[in-house]
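The values are calculated or read from the model by the stated rules, or taken from the named source; none is laboratory data. Bear in mind that the values here come from a model prediction, so they are computed numbers and not experimental data. For neighbour counting, all protein chains shown are included, and Cβ atoms are generated from backbone atoms with ideal geometry for every residue, glycine included. Just the protein is used for accessible areas: all its heavy atoms, side chains included, with ligands, DNA and RNA removed. Shrake-Rupley method; radii C 1.70, N 1.55, O 1.52, S 1.80 Å.
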Amino acid sequence: MRIGIIDRAMFSVMASACVKELLKEHPEWNGRAIRKNARGRFRQMMKDTPSIGSYAQNCWKMNLVGGAVWFSLYEAVQELYGKMPEELYSRMCNATYDIPIMARKYASTPFFTDKYQDAYIKKIDRANQIKSDYNWVTRYAKGPTTDSLKIQFTNCGLCTLARRTGHMDILPIMCRTDYGVADRIGVCLHRDKTLATGDSCCDYLYTRPGSEVEKQWQQEHPAGTFHSK
């Protein structure tokens, strides 16, 4: 994959936020050294990854590039300071979503409106036309009301990248950041299957808090949602 300006910008912004989070726990670490080490790894990781189209063509490209940033930082820390604990890696990944531009984006997402969902379906249909193991194969279904929607993935580009780079062990940690994203948007996420944990698909159910569909889900699942997935 050819590395472009947006890819470089994503690395710079994400790496800064992530390293800042790491230094909260380990102020003795050299943040500049971590970023420099990770930058080289990121560039090589991207060069070794087939293209899945541009950001305009494929709404999932940001996920693939962002995942490569996280993997590269994990590898950099491991080389410089030893294996990163899972809890710290989780905090590092979640720090990405506190970047102001990301926080504003999620807070203003009109998630359940027909206009937003119709536009999203078009993006997914366009992305599904790109055939690659590093792409996502997605099914999207609007709910019977404007209070829910379902998304199912039968292939995940990050799973392919994680298998190639030997990071399937930390991939589920990255998947669990989806719950934090849902919180920032202001919706409920329920999921009991993920490709990262060996299931046949990732099944997402998003519901509006306090809605009838959310109340029904809670009644049918007294143990709550599945944050391990």
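Using the 4.7 Å Cβ rule, please list in number order the cysteines from the chain without any candidate partner.
C18, C59, C93, C175, C188, C201, C202
At 7 Å along the Cα-to-beta-carbon direction for both R43 and T146, put a label point, then send me their distance in nm to one decimal.
The answer from the label model is 4.9 nm.
The stretch 1-45: which chymotrypsin sites (Phe, Trp or Tyr not before Pro) are DSSP loop and have at most 11 other beta-carbon atoms within 10 angstrom?
On the way: sites: F11, W29, F42; in loops: W29.
Nothing satisfies the criteria.
What FRET efficiency do you get for S54 and A119 if R0 is 22 Å and r is their Cβ-Cβ distance, rounded to the nearest 0.05? Let's see the in-between values first.
Working: r = 18 Å, r/R0 = 0.80.
Plugging the Cβ-Cβ distance into 1/(1 + (r/R0)^6) gives 0.80.
In the stretch 6-131, with Lys and Arg counted as +1 and Asp and Glu as -1 at Cβ, which of these residues, N37, L22, N58, has the Cα nearest the positive end of the dipole, that is, farthest along it?
Final value for the positive-end residue is N58.
So what's Rg/Rh here for the stretch 77-202, counting alpha carbon atoms and using the Kirkwood radius for Rh? Let's see the in-between values first.
Numbers: Rg = 16.1 Å, Rh = 16.3 Å.
Rounded to two decimals, Rg over Rh is 0.98.
Could you grab the Rg to Rh ratio for the stretch 1-117? Cα atoms only, Kirkwood for Rh. Spell out each step's value before the answer.
On the way: Rg = 15.3 Å, Rh = 15.2 Å.
Rg divided by Rh gives 1.01.
Just report the Cα centroid separation between the stretch 201-228 and the stretch 139-187, whole Å.
The stretch 201-228 and the stretch 139-187 have Cα centres spaced 15 Å from each other.
Could you provide, to the nearest whole Å², the per residue accessible area of the chain with probe 1.4 Å?
Values: 11620 Å² over 229 residues.
For the chain, the per-residue accessible area is 51 Å².
Which entries of K47/K131; K150/K193; K142/K215 have Cα-Cα distances beyond 24 Å here?
On the way: K47/K131 18 Å; K150/K193 13 Å; K142/K215 18 Å.
Violating the 24 Å Cα-Cα cut-off are zero pairs.
Per the Cauchy relation, a quarter of the hull surface: what is the mean projected area of the convex hull of the alpha carbons in the stretch 185-229, in nm²? Don't skip to the end; give the middle numbers.
Numbers: hull surface 13.8 nm².
About 3.5 nm², averaged over all directions.
Heavy atoms only, probe 1.4 Å: what % of the accessible area of the chain goes to carbon and sulfur, would you let me know? Please report the intermediate quantities before stating the final value.
Details: 6020 of 11620 Å².
Result for the chain: 52 percent of the exposed heavy-atom area is carbon or sulfur.
In the calculated pair distance distribution of the chain, what percentage of Cα-Cα distances lie above 30 Å? Before the final figure, lay out each step's value.
Details: 6395 of 26106 pairs.
Looking at the chain, the distances longer than 30 Å represent 24 percent of pairs.
Would the stretch 148-207 count as rounded, prolate or oblate if I go by the C-alpha gyration tensor, calling it rounded below 1.5 in a/c and otherwise prolate when a/b exceeds b/c, oblate otherwise? Don't skip to the end; give the middle numbers.
Numbers: a/c = 2.65, a/b = 1.69, b/c = 1.57.
Prolate, because a/c is 1.5 or more and a/b exceeds b/c.
Principal axis extents for the stretch 68-118, Cα atoms only, whole Å, descending order, please.
Taking the Cα atoms of the stretch 68-118, the three principal extents are 48, 20, 17 Å.
Stokes-Einstein D for the stretch 70-151 at 4 °C, 1.567 mPa s, Kirkwood Rh over Cα pairs, in µm²/s?
My calculation gives 81 µm²/s for D.
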